[in-house]
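In what follows, a structure is listed as structure tokens, so that the remarks can point back to it.
The values are calculated or read from the model by the stated rules, or taken from the named source; none is laboratory data. Predicted model, so just to flag it, every value in this text is computed and none were measured. Cβ placement follows ideal geometry from the backbone for every residue including glycine, while neighbour counts extend to all protein chains displayed. Each accessible area value is taken on the protein alone, full model and side chains, heavy atoms only, with ligands, DNA and RNA left out. Shrake-Rupley method; radii C 1.70, N 1.55, O 1.52, S 1.80 Å.
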Amino acid sequence: MRQRIMASLSALALASVLAVVLPMSSASAASCTTAWSSSTVYVGGTTASYNSHNWSAKWWTQNEAPGTADVWADQGVCGGGTTPPPTSGCSYPNWVAGRAYVTGNIVKYTDGRFYIAEHDNPGYDPVISTWYWEPYTCGTTPPTNPPTNPPSTGFVVSQAQFNQMFPNRNSFYTYSGLTAALSAYPGFANTGSDTVKRQEAAAFLANVNHETGGLVYVVEQNTANYPHYCDTSQSYGCPAGQAAYYGRGPIQLSWNFNYKAAGDALGINLLGNPNLVQTDSAVAWKTALWYWNTQSGPGTMTPHNAMINGRGFGETIRSINGSLECGGRNPAQVQSRINAYQSFTQILGTTPGGNLSC
């Protein structure tokens, strides 16, 4: 009896070891969903398979390979229907950051995929600077006139690029709210050369980034300041209340006279209902574009004119907060804005130009 018990225990132990060390059969793996495609638009919750894994998109994305961007959540191993990088038979050189490329050059990126240059560029990242690069299927004939793939909104910043710029943004600051606001000022990021358009968009978003902590803050955080933004000398006063005109939105619009001026320009009663700037995303973005396109602030020109007339990013800082930051008053704040601008121009695949500081 004791020998039979010991033998049974030994068999059970061996089975346990085998259960641990034997690999899971492919039959037990989840089925792969539809293979990921670089040209397909995915929205939050949609799935795709790539490199023997299923992936779920967290938000809108296109041309961002699963496993190379935070937009994708790994759903685990799947069996069949995989889409490995198309490397077979390819001998194109590895992409090198900072190396100059001309239209038609084909490179192998760090994710194992291939990209063809749509435009000459000084070594921009193929995954980030999608205006300059297009995914390329190895073995096909390179197109003689590669498409430029402009964003479907007509805005020079795609939703994927916007998400990359503001990965931790407040859900209030939507891309759709921004694009809906563009009709109020059609010349914004739509004047001059492609380079100028991208530079202006980057400059606007870099300043907005600084004012809101990366599009995190919708309203001014120092509530003690709220009662100070009512200029009682104005004939129209402060109908929404003395403490109702605190900073809100992408540029932190404040003071009763600014709410009135912006509202009058936009055809919205912001003097009577300033809360619209913190409850309606499109209205919030419109107030930021109103300031950018029409107000000189402590500067000598509007930020829009500064960018389209070649005065440089530094002049936009002067128009927004120059009395507190420019002329050596707060170099750290100025540098923070410059750093964001340089990062955003890189994402948009353009150069920052000169005159970055004020």
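For the reader, a short list of remarks on this structure follows.
- Among (1) modelled with pLDDT of 80 or more; (2) in contact with a strand residue (DSSP E or B) (Cβ under 7 Å, 6 or more places away or on another chain); (3) of a type outside the set (F, W, Y); (4) surrounded by 13 or more Cβ atoms within 10 Å (Cβ to Cβ), the one test that T82 misses: (1)
- Long-range neighbours under 9 Å by Cβ, at least six apart or interchain, first residue without any contact (Cβ under 8 Å) to a residue 60 or more places away in the chain and basic (K, R) within the range 161-173, second part of a loop (DSSP other than H, G, I, E, B) and open to solvent by less than 30 Å² (accessible area, probe 1.4 Å): R169/G214; R169/L215
- Elements of type helices (runs of 4 or more DSSP H) in the range 280-358, at least 1 residues being in contact with a strand residue (DSSP E or B) (Cβ under 7 Å, 6 or more places away or on another chain): 281-294
- Of all residues in the range 294-313, none are surrounded by fewer than 19 Cβ atoms within 10 Å (Cβ to Cβ), free of Cβ contacts under 8 Å to residues at least 24 places away in the same chain and within 22 Å of the chain's Cα centre (by Cα).
- Residue list for the range 168-224, filter: assigned to a helix (DSSP H, G or I), within 24 Å of W255 (Cα to Cα) and among the hydroxyl-bearing types (S, T, Y): T212, T223
- Where T287 falls short, out of the listed (1) surrounded by fewer than 20 Cβ atoms within 10 Å (Cβ to Cβ); (2) more than 25 Å from T350 (Cβ to Cβ); (3) at pLDDT 95 or above: (1)
- Conditions (1) open to solvent by less than 10 Å² (accessible area, probe 1.4 Å); (2) out of contact with any helix residue (DSSP H, G or I) (no Cβ under 6 Å at 6 or more places or on another chain); (3) over 18 Å from A203 (Cα atoms); number of the one not met by P274: (2)
- On the stretch given as the range 247-271, residues that are in contact (Cβ under 8 Å) with a residue 24 or more places away in the chain, open to solvent by 40 Å² or more (accessible area, probe 1.4 Å) and either closer than 19 Å to F204 by Cα or not in a helix (DSSP H, G or I) (or both) total 1.
- Considering residues of the range 325-358 that are open to solvent by 60 Å² or more (accessible area, probe 1.4 Å) and within 14 Å of V196 (Cβ to Cβ) only, the residue farthest from the chain's Cα centre (by Cα): N355
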